[in-house]
Amino acid sequence: MPTTKPAPSEKPVPSARQQELLERAYAYSLTHGLADLSLRPLATAIGSSPRVLLFLFGSKDGLIRALLARARVDELELLRQLDAQYDEPPGLTVVARELWTWLAAPGRRPLMKFWVEAYGRSLVAPEGPWADYGRSTVDDWLDLLKASQPDPGTAEAEARRTAVLAMLRGALLDLLATGDLERTTRAVEDYLGESRTTSDSAT
């Protein structure tokens, strides 16, 4: 009787040890970043060895891909939580404010810096382990903003959510560079107030 092979899209379930080391490596990356990631100091910091990491993740690029996927888990969990709060579309302004509160929280600065680094590298090294990370992140956030709109299918609605995402991303970069939460939050509120007024007048 022929052996049944798994479908090509199926991925092997990570072992408990692999998952444990991934979580430790992820925590390390949030503090140290990915730009100069070296297996030896990483392995020492998380109680492993380069040989074990290469065995579990295949290569350094494989480990980076696993770390990016782990970071996206946190991002998608936020989106799921926000989406679950509302029984009907709450409006772009409401969700944008929720997003900014989450993005700007001091405790998430390491994760946001990780995101910025990965996003930038996906633009300058699109063929490497970072491939599609930036695009998938944009799509994730736009999907959430789209779900918040009562009229998501129009060109005007698409333009509004695109503009809101660009504003939030710019404000986040400013916050990470300066640490000025008060000023950047005020700018976000001013933009959302003007955006809501313009949207209301358009309808």
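I want to verify the translational diffusion coefficient of segment 86-169 in µm²/s; compute it with Stokes-Einstein, Rh as the Kirkwood radius over Cα pairs, at 4 °C and 1.567 mPa s.
93 µm²/s
In segment 26-78, what percent of the accessible surface is made up of carbon and sulfur (1.4 Å probe, ligands and nucleic acids excluded)?
Carbon and sulfur: 56 percent of the exposed surface of segment 26-78.
When only Cα pairs under 8 Å and 6 or more residues apart are kept, what is the percent relative contact order across the chain?
Value for the chain: 20 percent.
Among the GluC sites (Glu not before Pro) in segment 113-203, which ones are in a DSSP loop with at most 15 other Cβ atoms within 10 Å of the Cβ? Mind listing them?
Passing sites in segment 113-203 are Glu127.
The values are calculated or read from the model by the stated rules, or taken from the named source; none is laboratory data. Please read all numbers here as calculations on a predicted model, not as lab measurements. Positions of Cβ are backbone-derived with ideal geometry, glycine not excepted, and every protein chain shown enters the neighbour counts. Accessible surface areas use protein heavy atoms only, side chains included; no ligands, DNA or RNA. Shrake-Rupley method; radii C 1.70, N 1.55, O 1.52, S 1.80 Å.
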